[in-house]
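Read the structure below first, then the notes.
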Amino acid sequence: MKEKHMFAVLKTGGKQYKVQSGDVLRVEKLAADAGEKVQFNEILMLGGDSTVVGAPFVADAGVQAEVVDQIKGDKVIHFVKRRRKHSSKRTKGHRQQLTMLRVTEILASGADASGVKAAIGAGSVSGAVAATPAAKAAPAKKAAKAAAGGDDLKQLSGVGPALEKKLHENGVTTFAQIAGWSAADVADMDEKLSFKGRIEREGWIDQAKALVN
């Protein structure tokens, strides 16, 4: 169901966006190619002739969009200072991977049965269709299951129960994952969890490699 002048507040990549049909926006990279149609299912609020606030999301609502292009954001400079016996200071740059979208339709209802591919992050499994309420709960269950069979991340320097939980919520459950992080992965996790260079300062990757071996 559509209303005139409807707007929606959607959530993706840990951020919120207020959109209307026809809007062009940049979001954290999605697993989709230019020309593909995707649907956002985490809708926090709908507005128009009436306002509906989700708890936390509006049931059966969605925002559909066409992927315009996969792009890179502005370069972000990180200053890294290592805490080592032979300390060094260096500068590194990172350009976040982004997806440019054009909003095509806002659905107040019928999203669960639309069949349009769900808008999911590039690190997720591609080819998913729009999520049903049961499917939306699946990632949380999967993360909990992975955490139960994962490593004790509290063995890493500076990681306590609260930080370990945050890592689990972002899909990080094993030392092998951390040992294989690239510079871009580190910068991405720094941004997601507001670590501000903590991963390199604490030497997590080296510690993880040692714990894996």
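The values are calculated or read from the model by the stated rules, or taken from the named source; none is laboratory data. Computed from a prediction, not measured in an experiment: that's the story for all the values here. Here the Cβ positions follow ideal geometry from the backbone for every residue, glycine too, while neighbour counts run over all protein chains shown.
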Has region 136-154 got any residue that is modelled with pLDDT of 85 or more and assigned to a helix (DSSP H, G or I)?
yes
Region 96-121, residues that are under 23 Å from V52 (Cα atoms) and of a type in the set (V, I, T)
V103, T104, I106, V116
Taking region 155-195, which residues are of a type in the set (K, R) and without any contact (Cβ under 8 Å) to a residue 12 or more places away in the chain?
K165
Output the qualifying pairs, or none if there are none: Cβ atoms under 7 angstrom, residues six or more apart or on different chains, first residue in region 31-57 and within 19 Å of M6 (Cα to Cα), second residue of a type in the set (D, E).
G48/E3; D49/E3; F57/E42
Just give me the residues in region 161-181 being polar (S, T, N, Q) and closer than 16 Å to V212 by Cβ, in sequence order.
T173, T174, Q177
Could you list, in sequence order, all residues of region 1-30 that are of a type in the set (S, T, Y) and in contact (Cβ under 8 Å) with a residue 24 or more places away in the chain?
T12, S21
Give the residues of region 47-56 that are within 13 Å of L107 (Cα to Cα) and either assigned to a loop (DSSP other than H, G, I, E, B) or modelled with pLDDT of 95 or more (or both), sorted by residue number.
G48
By residue number, the members of region 30-46 that are under 17 Å from G110 (Cα atoms) and in a loop (DSSP other than H, G, I, E, B) are N41, E42
